[in-house]
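Data block below; observations after.
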Amino acid sequence: MKTILKTHITVKDICEGFVYNKLEGKGLFGLAGKLTIQPEYQRNYIYASDGGKREMAVIESVLKEYPIGLIYFNKVSADNLEVLDGQQRITSLGRFITDKFAIVDENGLQQNFSGMAKDKKDKILETKLLIYECEGTESQIKEWFKTINIAGVPLVPQELLNAIYSGPFVTLGKEEFSNSQNSNVQKWSAYIKGSVDRQAFFERALDWVSKGSIDDYMSRHRKNTNIKELKTYFSSVIDWVSSVFTDVESEMCGLEWGRLYEEHHKKSYDPAKVSKIVQKLYGDPYVKNRKGIFEYVLGGSKDTRLLDVRVFDEATKRSAYASQTKTAKAKGKSNCPDCAIGHDANKNKIWSFNEMEADHVSAWSKGGKTTAENCEMLCIRHNRAKGNR
Ligand SMILES: [Zn+2]
């Protein structure tokens, strides 16, 4: 790969003919049309998020004559350059010069570019940038792109994958799943954590359809000119969740819905009944892990480990142990009621406190409370043998 360092290109040159596409959230062109600011494999513009702190910082750096770092262009042809690294910084400059945002000056006042004093304007426009022009094959450029980290905001794994497997499939996928204008985003946000700009939905869609092998799936579908399978699978999961669970709870966000769909979507559920069970569990003070409620209900309300049901406290266990042991000793039987009714050598064994565990006499899942009256100590073996607590 050939690289040439250019030191004479100014902010003014770069921003000549700058176009910002608000709908797609990207800076498009610069250098009087010669420069493509956001090629396919680049990510969306994210410096404007965070209340615009990062894009303001770019302008403040230029005004204070601080370096804003190296910028890399890919030389596609004599008249055609693409930004490899520096898209966010260039877009910040272009957006400022076209009055898309203001900075706060030393007096705490909002100041946009057109309202600035001429000397300040000139200072910005005449600032020279450090630019490397790279020339190489597509794979060389991409391999290299994979190894760099964009200054300030490192790429998330999905952004890297989008860069590596760029092509029609990624373009279509991003149009659907990385597009903040898509009216479905709000609905998806109930179940999926993360932001649309940082590829959270595209990543989840790929994760679900590929059962966790995103890299492999993207590589196999790279040249595809449709994303039908991806879209269909994704909406099947979302539709399934929203039809089984009619109430949207905040704990649903970020659960492994792809896996839960695979494990349970062939069973039938009565949404009204499901809703009742969910609400009851939400109101149960003994349920410590609300995130586990959904998988618990999908599995037929059996695996209470998912709920992390509150256990008996130490004092309750000690008191149950003392009274059970006293009675057992008087009768000459084991202090584990299950051992006591057995016929092996343990039938009159007195277990120590540490050899026993607390159990709900009436199971929690059948309405039994975690109170002293419902506490019984069992030897570890017998307690573990009881599945339903
Ligand atoms: Zn026992």
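The values are calculated or read from the model by the stated rules, or taken from the named source; none is laboratory data. It should be emphasised that the depicted structure is a prediction, and the values quoted were computed from it without experimental measurement. Note: ideal-geometry Cβ built from the backbone for every residue, glycine included; neighbour counts use all protein chains shown. Accessible surface areas use protein heavy atoms only, side chains included; no ligands, DNA or RNA. Shrake-Rupley method; radii C 1.70, N 1.55, O 1.52, S 1.80 Å.
Could you tell me whether the range 180-196 includes any residue that is open to solvent by less than 20 Å² (accessible area, probe 1.4 Å), free of Cβ contacts under 8 Å to residues at least 60 places away in the same chain and touching a His at 6+ places or on another chain (Cβ under 8 Å)? Taking every residue of the range 180-196 in turn, none turns out to be open to solvent by less than 20 Å² (accessible area, probe 1.4 Å), free of Cβ contacts under 8 Å to residues at least 60 places away in the same chain and touching a His at 6+ places or on another chain (Cβ under 8 Å). Restricting attention to the range 336-369, the residues that are away from the ligand (no atom under 11 Å from the Cβ) and of a type in the set (Phe, Trp, Tyr) total 2. Restricting attention to the range 86-120, the residues being part of a loop (DSSP other than H, G, I, E, B) and buried (at least 23 other Cβ atoms within 10 Å of the Cβ) number 1. Does the range 233-249 include one or more residues that are surrounded by fewer than 16 Cβ atoms within 10 Å (Cβ to Cβ) and over 30 Å from SER301 (Cβ atoms)? Within the range 233-249, none of the residues are surrounded by fewer than 16 Cβ atoms within 10 Å (Cβ to Cβ) and over 30 Å from SER301 (Cβ atoms).
Within the range 370-389, the set of residues being near the ligand (Cβ under 10 Å from one of its atoms) and among the hydrophobic types (A, V, I, L, M, F, W, C) comprises MET377, LEU378, CYS379, ILE380, ALA385.
Of all residue pairs spaced 6 or more apart or on separate chains, those with beta-carbon atoms under 7 Å, a first member in the range 263-282 that is free of Cβ contacts under 8 Å to residues at least 40 places away in the same chain and a second member that is in a loop (DSSP other than H, G, I, E, B) are PRO271/THR246; VAL274/PHE245; SER275/THR246; SER275/ASP247; ILE277/SER301; VAL278/PHE245; VAL278/ASP247; LEU281/VAL287. Could you please tell me which pairs satisfy a Cβ distance under 7 Å, a separation of 6+ or placement on different chains, a first residue in the range 62-85 that is farther than 14 Å from VAL11 by Cβ and open to solvent by 60 Å² or more (accessible area, probe 1.4 Å), and a second residue that is charged (D, E, K, R) and at pLDDT 85 or above? Going by the 7 Å Cβ cut-off, the qualifying pairs are LYS75/GLU133; LYS75/GLU135; VAL76/GLU82; ASP79/LYS34.
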